[in-house]
Amino acid sequence: MRILNFGSLNIDKVYKVPHFVRPGETISSSGYQCFPGGKGLNQSIAAARAGHRVCHAGSIGADGGLLEEVLSAGGVDTRYLRKTEGITGHALIQVSAAGENCIILFPGSNHENDRAYIDEVLSDFERGDILMLQNEISNLDYLLQRGREKGMRIMLNPSPMDDFLRTADLSGVTWLMLNETEGKEMTGEEEPGRILDRLLGRYPDMQVILTLGGDGAVYRSRDGEISQPCYPTRVVDTTAAGDTFTGYFAAAMVEGKSAQEALRLAACAAAVTVSGEGASVSIPERRVVEERM
Ligand code: RIB
């Protein structure tokens, strides 16, 4: 069984701020760093650091060579990456004194994935392989459709949320990994239990993993519900916590671990990630996660 991540690649421009900038306000940042990022890239690095070979597909512009190098150096298979004439996607990230972030995305070449490219990549994969997806790339609807038709097991992180995801038919998705904000937008419900009721009511075969920030995560499928508390940690920067969780969870699924074991591993890896600065650079190796557990 192989993992294909058809996902975003971004250059993250990260600014340390006393608080998130308010409407009409100009503030000065106390620090600036540039990191490799993108939800897709972060998830691939996480699954690779968990010990699994992941194939990453997606588009970078002429200025995105560093992202390819980072993936290769991290043990990710980059043979399906594509270079375009456009500008590589980037993200402007404010990190507050409390370690929280807010992000503005410029999709750039992430929105240049066309159907012919998708078909070409997917033709190398088969039934049972895992297809990891987020919503930072173009043609997500087509990827969901083709992945389902091929019998691939789809792991979807519906972020960033948009009108398509609010109303899309996600019945081909095996694992839906979302946070409370996304859960509210998809279901109209506020309370975690009710978000899960609504999602499982609509998609009874789905496995839903709802992350709850400092309150951990909850998993629900037709077989039952499991709660996973957060591992205590010193929060420096929450960027890529969810991506780390997703990548480690995918790796655990490939290993045939139970949902409970996978949640524990993913939660511990995410806790290590938030204790460091930056996105992919703060994602831990498996050895570090296991020592921590
Ligand atoms: O989830 C974190 C990621 O979101 C960042 O690396 C940024 O690029 C945005 O895609």
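Bear in mind these aren't lab numbers, they're just calculated from the coordinates by the rules spelled out. Being a predicted model, the structure only gives us computed values, none of them experimental. Methodologically, a virtual Cβ is constructed for each residue, glycine included, from the backbone with ideal geometry; neighbour enumeration extends over all protein chains shown.
Figures for the structure shown
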item: Residue list for region 139-195, restricted to those being charged (D, E, K, R) and within 16 Å of the ligand (Cβ to nearest atom); result: ASP162, GLU180, GLU182
item: Any chance ARG287 is away from the ligand (no atom under 13 Å from the Cβ) and either in contact (Cβ under 8 Å) with a residue 24 or more places away in the chain or not in a helix (DSSP H, G or I) (or both); result: no
item: Candidate set: region 1-15, residues that are within 13 Å of the ligand (Cβ to nearest atom) and charged (D, E, K, R); chosen: the one farthest from GLY147 (Cα to Cα); result: LYS13
item: Hey, LEU81 in contact with a strand residue (DSSP E or B) (Cβ under 8 Å, 6 or more places away or on another chain), closer than 26 Å to ILE118 by Cα and away from the ligand (no atom under 12 Å from the Cβ) or not; result: yes
item: Region 100-111, subset within 12 Å of the ligand (Cβ to nearest atom) and outside any strand (DSSP E or B), residue farthest from the chain's Cα centre (by Cα); result: GLY108
item: Answer residue from region 60-99, given it is in a strand (DSSP E or B) and in contact with a Phe, Trp or Tyr (Cβ under 9 Å, 6 or more places away or on another chain) and is surrounded by the most Cβ atoms within 10 Å (Cβ to Cβ) among those; result: GLY89
item: Residue list for region 16-43, restricted to those being crowded, with 24+ Cβ neighbours inside 10 Å and either away from the ligand (no atom under 15 Å from the Cβ) or of a type in the set (D, E, K, R) (or both); result: LYS39
item: Matching entry among ALA57, ALA46 (being buried (at least 21 other Cβ atoms within 10 Å of the Cβ) and more than 15 Å from the ligand (Cβ to nearest atom)); result: ALA57
item: Residue list for region 116-163, restricted to those being acidic (Asp, Glu) and in a helix (DSSP H, G or I); result: ASP119, GLU120, ASP141, GLU149, ASP163
item: One residue from ALA266, ALA279, ALA262 being over 18 Å from GLU225 (Cα atoms) and of a type in the set (Gly, Ala, Ser); result: ALA279
